[in-house]
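See below for the structure under consideration.
The values are calculated or read from the model by the stated rules, or taken from the named source; none is laboratory data. This is a predicted model, so every value here is computed, not measured. A quick note on method: Cβ atoms are made from the backbone with ideal geometry, for glycine too, and the neighbour counts reach across all protein chains shown.
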Amino acid sequence: MMRSQNGAPDMDDSSDEWMRSVEEDDETEASIGSGPEVHLPWLSQHIQSSVSHGHKRTNFAETTSICLSFIQEAVLKHQWQQASEFLQCYFQTLEDVNSQKRHVAPENIWKLGSAILYHHPKSNVETFSAFAERMKNIGVQNYLKISLQHALYLLHKGMVEDAYRNLNQAESWRYGEMSASQEKLVKLIQAYRGLLDYYTWSKKRTELSKFDMDSFATNAAAQDMHSYFRQASVNLHEIIKIPGVWDPFVKSYVEMLEYYGDQDGARQVLTDYAYDNDFPSNPNAHIYLYKFLKKEKAPVDKLISVLKILHQIVPSHKIMLEFHTLLRKSKKEEHHKLGLEVLFAVLDISGCTENITAWRYLARYLKKIMMEKHLDWIQEGWSSRKDWWPTFHFSYYLAKKNWKENKILAVKKAFTSGILLGKGCKYFMYVSKQGCKIREKSVKTMKKFVMKHNILDSEEL
Amino acid sequence: MDFPDNLFPTFFLPGPPGLSDSPGSYLAPAWSDCMQLLKPPQDPSVNPQHETSYVTKWGRWTSDTPGPLPFLRPVAEPWEPELTSRDLLFQGQLRRPFGPKATVDVIEQLNQFLWDHGDVAFGPLGRLLQENFNLGEPKKSQKDRTVMNAEWLVQDLSGHQPKGCPWAHLSARQRRFSLRGGSVLGEEVDGLLGGLLHEELETRWKELLLNESRTGGALGWIPGARPHVGQLAYPTGQACNQLNFQKVKLSTTSGPQALGDPTRILLQGPVRQVVTRTIQEEALVAVRSDHHCAVWRVSRQGHPEPLQVLGTEKGATGISLSPHLPGELAVCTRSGAVCLWSPQDGLQQIYKDPETLVFKDPSSWRWADFTAHPRMLTVADRTGVRLTDVRGPPDRGELLFRVGAEASCKQGERVLLAQYLGTSSPASLNPTLHLICTQFSLYLLDERLPLVPMLKWNHALMSPPLLAQLLPPPCPGAPLPLLLGGLGGHLRMLHLSGGSSSTPQLAAPPQSLPSLRDSLPGFPVLEPHGEQLLQDRLKAPLTGLAAVVPPSCPSPTMLLFQLSAAGDVFYQRLWLQPDTGSENADSLQNSNSCTDHADDPGLDSHDQTTATSSLDTAPIPSAVSWNPRAVACCRRWLKTLLQVPPALPPWTPPTFSLHRLRWSGKEDKGKGREGLQAAMAEGRLLQQGDLGPLPSSDPPPAHEPFGPEDKLTERLEASWEGKGAIWWDSQQGDTQVLRKRRSREKRRTQLSSSFSSVRTTSDFSDIDSRHGTPSPLHRTSEASQSLELSQEPWVRSVPRERRQTLRDYLAVLPSPDSGSCSTPQSQNPSSQTIPTSEPGQHSVPRFQDPRTQTLLCPPPGSSSAHCSQNPSSQTPCSPDTRFNSLSHSQNSSVRSLPSRHTPSLAGSQPRKKKPRMGF
């Protein structure tokens, strides 16, 4: 009964493998009698062999792995020629008896081969293309991936038309049932094609702007341009529905929509891109939306609400200074309060410690708040920073360094430190002392102000 | 600060790791990162120009020598190579005699394995048998004889199954089925499953053997007050408990120089990690041991002063120094707690969760590092990395990285290292980048865009990457070198480019750097033993990595220091050699030529018959070769290394000296002969156990028993003899046996109490060696010479009544010549060895310490009494006794412990004769 099945092995298994296992029958059966009650041939055999001989692997597999390590070594030493020679030997893995290894072989070869060909001094586009064409058809599973990468390679080499043709070809490729991932991949391929359509569209647009109005040629060119827009928009619209990072696609799609006056559509795309919870919290999504709204002259409250979210994700972004200006100009008091927090948050990040604009804004804003008697705002912002800002920003070492490198920065920082830490602060003392030496005017005014107003003294009052 | 304006398109599809058809999996293959292909062309109207490659633009990192050179003298301790997974997995030829201490639970292993790979294990069979099995449905056609009703079989299987062994209870039906089908059923899957199982077992062993405590590395560089002077901080010693601060002078043209001897600090635990950081001109060194963490401040003069020590009950797994605030540290422990620690403000617990972040993983490894925000920390475990705010509640925070489908991780992929790559120079790289290494790949993540890797590269390192260091750009605008070190010594250098407004990219294909093993050709060829020693030494795991950029070099240079687990520090000088056009070291053509060539090298297809152009088939990368200076350096180092006593003293054939026979014969208690004979027959080292247990009374002056039973001594003795496990078993289990053994020992102790003097002498073997004895071998020969000179007077001075005893004794000497020594007056050379009786006549020049002499004196007469009591069975012990003593005195300079706790039979040494002859 069981034997009758032997004639029809699984489709995936090659006949030689089948033959091999049939030949091994005798040995296995011999062990049935002597073994335990229930025989697990695959298990015992392999545990046995791995234990007694060390290597279970066949000689071929051993050689293959050595070959692979040679290739990797050559690639890591940038010996492209040597690597390519080893790779030629490695092609033999395509005929591995182990079906699993045979399955992954094309992908490995493609990865290694494309990397080598990319860097090989004697390789050229034709070589790469020929290699890609071959590899596409070896592993059916990899057709789409290789097509896309091939197209990107061509793009990189400036061969836009070839790349376009390639993408087109890949898009129309069908093989059996499509898996979910393949569907997504096709969408990505389409999106790249849409991006290329967009490039053509924008080229046509610049051409069109040079033409005279209302001529027949203009009309035809405009028609042509519209057709590219239609092609691109369909594909781009599809991809940005799938969660991911699609900055170039979104940007180009929005640009086209804007051109055709579909402001609502563009806003909707950007809002979805920024606020969809399935998407990663991409700061660019918020930045695009903000820039769009700003161009659209949207109300300030709208802008502020967008930037509020960006402030939470990337408190150090340079738009935050713009945000601060918006908040400062706003009529609402809570916005004024947030404006201070935004500045504090910018200066929290280590990459922004010497941002002179931020320090200038902070010094000015602190002064303003002091005059407006909103000391509690400062204290609130300061309470979570007072244990580390003194060492982080206002240490004696930094005072010396800043004064040496950038006197304006040093004065702004000294002013801030004076307000926040009082006149006894090391940073303030050093800068005011140095400033007095060279009779810097700004230092004098700063000193004067700090002597009168700082949060320490105000607390005591 | 700017955020990269245009990120690479990528899918974001959450899910478990190992989804092989995740569409993201191809978006970050190794090559596309280098090619920057995923970056869509910015402006299509402008023809994209061929970007100049890294090599043409910046040059090529080349090394002075093909391998690293020894920097410091080898440490004076022997190095015993560690176990490898191969050693444990395969029974073949184990390099070490001892077996594995850790074991894998095989049943659990197989259980999980079959769950994980159920599709492979059962799927094909199910499909094969589908048509022939009927699972209890009403039969469609009675005629089909090939369909079997498997209903009962399945019922049997789902019945009683004791845990762990489903086959313990078998029905006759099952048995019949397995016998009939067994031969056919298994074969379909055996290749696949066997391979997977084997791979899995090795992975398990590797996991068990992965010394995660070494994460981060134990080599640190502390820049000094002057730019060309600095210090290396690293541990040495067999227990890694000695922290060294070695001053180093950097030279612009040649290699670094060690200035004087290192400052040594002896710690009470092994040093696992050394972190150094200089912020605002304050240099700090943080050290992690298993249960302690400590911080030192290094003064401008270079003196380390301890600041504070922190004890951790559960054991610390990671320590890092803040790049923002001087003196602030993050410490994490096995209990899952992460603390912010500063010597001024003490400890502040930030996060505590004994569970892992993303999914359940048994590892208790935790890691913490800083971020671009001084109040935010990353907390990492094997499953992911989390951003945690110091000020906020501990449960707030978001995941920065997750082992899952977002980063297209593989199944079984785990985080091994998470490091903050903050740079101080704003133009080079975003200060928000984090490096995350797993056993397969390397990821760069921006903390402003969590979960989406900015860069992924398959590092293909053969060993877990536990060390990483980002270096400043070699010249302004150049990409930043990122060094990655695997535990096995493999090194990779990546070139990260991308300013603050673009995503980080690999500017050039990553390259490998020479490891310690590549230095082997630089050493002279040795005899096999020495060669093995050297190879073991060079193959020792890499435990520390420190790259230093020497100031004011004509061309960009870096010095790469490497610390191996054997305690050796090697260095290598790398410099950026400007590209000289087509004349390149490894025949790499100028990249402009790539479009000109019409004839491709035959790579357009996988047609193997295509011949390769043989024009440039010999790309030898190492234009550098071993220069005489490097070879001399290696030679010097090797010379010192070979002077280091080996871990186990090599077996030397015993030289039979009758003097020794005579001397040691007294210790025999009958059992010794068999033991010795067995040892000789097997050609192995004679052990104390072969000669019977040792006396425990009359301890040496330094030794004090730890109680009435003195189990500690017993245990120490047993383990010294290699019978620790037996001792333990006997302690645990059969007290009967123990009691018997003890009573036997007691009896023996009484009998052999006089041997204590022997033991005492052995205690002073190191004293002796301190007094300038060149080597035990010399000593022996000198001593026997003096004996020969003095034998005649001795024979004459033997009292008459004792001569018979002596004769009896000499008659049984095994020497071939001993037959003729029936009389002491015989001229036979064998009688030369009979000791002198006149104390004054035998010179014992090496005992200058009168105290030693008195200590060596046994109760007069007792030894002679034994001698006459039982002379016949003394002799066999001596050859190996001598060997024992020899090995001990050799060891004594290395290990003082054994000579103290292991009473040896070193009494056979000639100099002890004098006090014995006190009658």
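Here are the numbers for the structure shown:
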item	result
Failed criterion for B:Ala372 (all others in (1) part of a loop (DSSP other than H, G, I, E, B); (2) buried (at least 23 other Cβ atoms within 10 Å of the Cβ); (3) more than 10 Å from chain A (Cβ to nearest Cβ); (4) among the small types (Gly, Ala, Ser) hold)	(3)
Qualifying residue in the stretch A:143-156 (condition: out of contact with any helix residue (DSSP H, G or I) (no Cβ under 9 Å at 6 or more places or on another chain), surrounded by fewer than 23 Cβ atoms within 10 Å (Cβ to Cβ) and either in contact (Cβ under 8 Å) with a residue 24 or more places away in the chain or within 7 Å of chain B (Cβ to nearest Cβ) (or both))	no
Spans of helices (runs of 4 or more DSSP H) in the stretch A:100-213 with at least 3 residues closer than 27 Å to B:Leu13 by Cα and of a type in the set (Gly, Ala, Ser)	A:180-210
Extreme residue, surrounded by the fewest Cβ atoms within 10 Å (Cβ to Cβ), among residues of the stretch A:240-256 that are within 8 Å of chain B (Cβ to nearest Cβ) and under 20 Å from A:Lys184 (Cβ atoms)	A:Pro243
Test for B:Gly216: is it within 19 Å of B:Asp369 (Cα to Cα) and either modelled with pLDDT of 90 or more or more than 14 Å from chain A (Cβ to nearest Cβ) (or both)	yes
Positions within the stretch A:122-173 being over 17 Å from A:Ser84 (Cβ atoms) and among the basic types (Lys, Arg), in sequence order	A:Lys136, A:Lys145, A:Lys157, A:Arg165
Residue check for B:Val338: in contact (Cβ under 8 Å) with a residue 24 or more places away in the chain, of a type in the set (A, V, I, L, M) and either surrounded by 15 or more Cβ atoms within 10 Å (Cβ to Cβ) or farther than 23 Å from A:Pro315 by Cα (or both)	yes
Boolean, A:Tyr192 is touching a helix residue (DSSP H, G or I) at 6+ places or on another chain (Cβ under 8 Å), more than 30 Å from A:Gln223 (Cβ to Cβ), crowded, with 20+ Cβ neighbours inside 10 Å and facing chain B (nearest Cβ under 9 Å)	no
Cβ-Cβ under 7 Å pairs, at least 6 apart or on other chains, the stretch A:286-305 side within 17 Å of A:Val269 (Cβ to Cβ), far side hydroxyl-bearing (Ser, Thr, Tyr)	A:Leu289/A:Thr271
Whichever residue in the stretch A:107-139 is in contact with a Ser or Thr (Cβ under 9 Å, 6 or more places away or on another chain) and among the aromatic types (Phe, Trp, Tyr) and, among such residues, is farthest from the other protein chains (Cβ to nearest Cβ)	A:Phe128
Per-region count, the stretch A:81-106, residues more than 7 Å from chain B (Cβ to nearest Cβ) and out of contact with any Lys or Arg (no Cβ under 6 Å at 6 or more places or on another chain)	17
Index of the failed condition, A:Lys203 passing every other in (1) touching a His at 6+ places or on another chain (Cβ under 7 Å); (2) surrounded by fewer than 17 Cβ atoms within 10 Å (Cβ to Cβ)	(1)
Condition check for A:Lys437: under 35 Å from the mean Cα position of the chain (by Cα), away from every other protein chain (no Cβ under 14 Å) and of a type in the set (D, E, K, R)	no
Every residue from the stretch B:424-440 that is away from chain A (no Cβ under 13 Å) and buried (at least 23 other Cβ atoms within 10 Å of the Cβ)	B:His434, B:Leu435, B:Ile436, B:Cys437, B:Thr438
Residue match in the stretch B:344-364 (condition: under 30 Å from B:Gly230 (Cβ atoms) and part of a strand (DSSP E or B))	no
Subset of the stretch A:273-299 [over 13 Å from A:Ile313 (Cβ atoms), part of a helix (DSSP H, G or I), within 14 Å of chain B (Cβ to nearest Cβ) and not hydroxyl-bearing (Ser, Thr, Tyr)]	A:Lys291
Positions within the stretch B:441-469 being surrounded by fewer than 21 Cβ atoms within 10 Å (Cβ to Cβ), out of contact with any helix residue (DSSP H, G or I) (no Cβ under 7 Å at 6 or more places or on another chain) and assigned to a strand (DSSP E or B), in sequence order	B:Gln469
Residues (crowded, with 24+ Cβ neighbours inside 10 Å and away from chain A (no Cβ under 14 Å)) located in the stretch B:356-369	B:Arg366, B:Trp367, B:Ala368
